[in-house]
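All remarks here apply to the structure that follows.
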Amino acid sequence: MKTKKEKAQFIHKFLNELYPDPAIPLFHLDAFTLLCAVVLSAQCTDKKVNEVTPQLFLLAPTPSKMAELSVETIESIIKPLGLAPTKAKALKNLSIKILQEFEGRIPCCLEALKTLPGVGHKTASCVMIQAFNKPAFPVDTHIHRCAKRWGLSKGQSVEQTEKDLKRLFPKNSWAKLHLQIIYFAREYCSAKKHHSKTCPLCSVLEIKT
């Protein structure tokens with residue numbers, strides 16, 4: 001496996017065998033609740049987010065219901081998460097904007113999604129591919145780390161990593177692949193205490209860490 005393309009093909013096959021049907025790790029009911037869950041997941045674990053969202057979505061499963069809640073009420077529910085005050089304002093304000101500018105529907109355009117409060121490129125990409133099945137390759141810290149470690153990208157920025165991975169992997173694989181890499185990174189290829197000899201991918205790729 002001398003070239004990036006050869007590495008990518010091997011990794012793709014390996015991850016497909018290991019995680020043939022990866023589930024979206026964030027609890028959600030539809031596009032709106034997925035959007036909210038991804039916003040809440042910033043600098044926080046999916047497990048922690050999943051502990052608070054069932055209660056939140058019971059009260060506010062739609063933009064109109066979320067907009068009706070006070071910022072204080074939203075914050076009290078999501079308080080266990082990091083940046084709760086900021087995230088509470090974002091959920092209320094993005095809901096209001098969806099009602100006022102998008103007729104209560106979640107926009108299925110990347111640039112439109114990025115105009116919503118609290119929604120950056122990665123969050124918008126997650127919603128595009130997971131809710132609307134439109135091509136996107138969300139890159140989080142796990143994917144950014146592994147792409148650099150595996151020699152698929154120089155990893156100078158998340159934006160560059162995304163471009164590199166899009167070039168290496170077929171478009172129809174992106175939806176599963178970004179989840180597969182996240183699952184693998186958490187289970188085998190962590191940022192700390194990583195040993196290439198015991199990592200089932202790094203050992204084959206002859207990665208030295």
Residue under question is N172, and the condition is that it be in a loop (DSSP other than H, G, I, E, B) and of a type in the set (S, T, N, Q); does it hold? no
Go through the stretch 52-76 and give me each residue that's surrounded by 14 or more Cβ atoms within 10 Å (Cβ to Cβ), within 12 Å of K89 (Cα to Cα) and of a type in the set (S, T, N, Q). T73
Hey, among the residues in the stretch 109-123 that are closer than 24 Å to L59 by Cα and in a helix (DSSP H, G or I), which one's farthest from the chain's Cα centre (by Cα)? L113
If you scan the stretch 134-178, which residues turn out to be of a type in the set (S, T, Y) and either surrounded by 15 or more Cβ atoms within 10 Å (Cβ to Cβ) or touching a helix residue (DSSP H, G or I) at 6+ places or on another chain (Cβ under 6 Å) (or both)? S153, T161, S173
So which of Q180, Q156, Q160 is touching a Pro at 6+ places or on another chain (Cβ under 7 Å) and over 18 Å from E6 (Cβ atoms)? Q180
Among (1) without any contact (Cβ under 8 Å) to a residue 40 or more places away in the chain; (2) among the aliphatic types (A, V, I, L, M); (3) not in a loop (DSSP other than H, G, I, E, B), there is one condition I129 misses while meeting the rest; what is its number? (1)
Sole residue being among the basic types (K, R) and either in the same structural domain as F102 (by TED's automatic domain parsing) or free of Cβ contacts under 8 Å to residues at least 40 places away in the same chain (or both), chosen from K122, K176: K122
Being under 21 Å from the mean Cα position of the chain (by Cα), among the hydrophobic types (A, V, I, L, M, F, W, C) and within 25 Å of I24 (Cα to Cα), is that true of even one residue in the stretch 187-201? yes
For residues that are in a helix (DSSP H, G or I), over 24 Å from F102 (Cα atoms) and among the polar types (S, T, N, Q), scanning just the stretch 38-62, find the one that is nearest to the chain's Cα centre (by Cα). N50
Quickly run through the stretch 179-189 and pick out the residues that are in contact with a helix residue (DSSP H, G or I) (Cβ under 7 Å, 6 or more places away or on another chain) and either more than 16 Å from L205 (Cβ to Cβ) or not aliphatic (A, V, I, L, M) (or both). Q180, I182, F184, R186, C189
Among the listed residues I77, I106, I98, identify the single one that is in a helix (DSSP H, G or I), in contact (Cβ under 8 Å) with a residue 60 or more places away in the chain and either under 21 Å from L29 (Cβ atoms) or in contact with a Cys (Cβ under 8 Å, 6 or more places away or on another chain) (or both). I98
Somewhere in the stretch 139-155, is a residue hydroxyl-bearing (S, T, Y) and assigned to a helix (DSSP H, G or I)? yes
For K65, indicate whether it is in a helix (DSSP H, G or I), in the same structural domain as L110 (by TED's automatic domain parsing) and at pLDDT 95 or above. yes
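The values are calculated or read from the model by the stated rules, or taken from the named source; none is laboratory data. Every value quoted in this text rests on a predicted model; they were computed, and no experiment measured them. Every residue, glycine among them, receives a Cβ derived from its backbone with ideal geometry; neighbour counts consider all protein chains shown.
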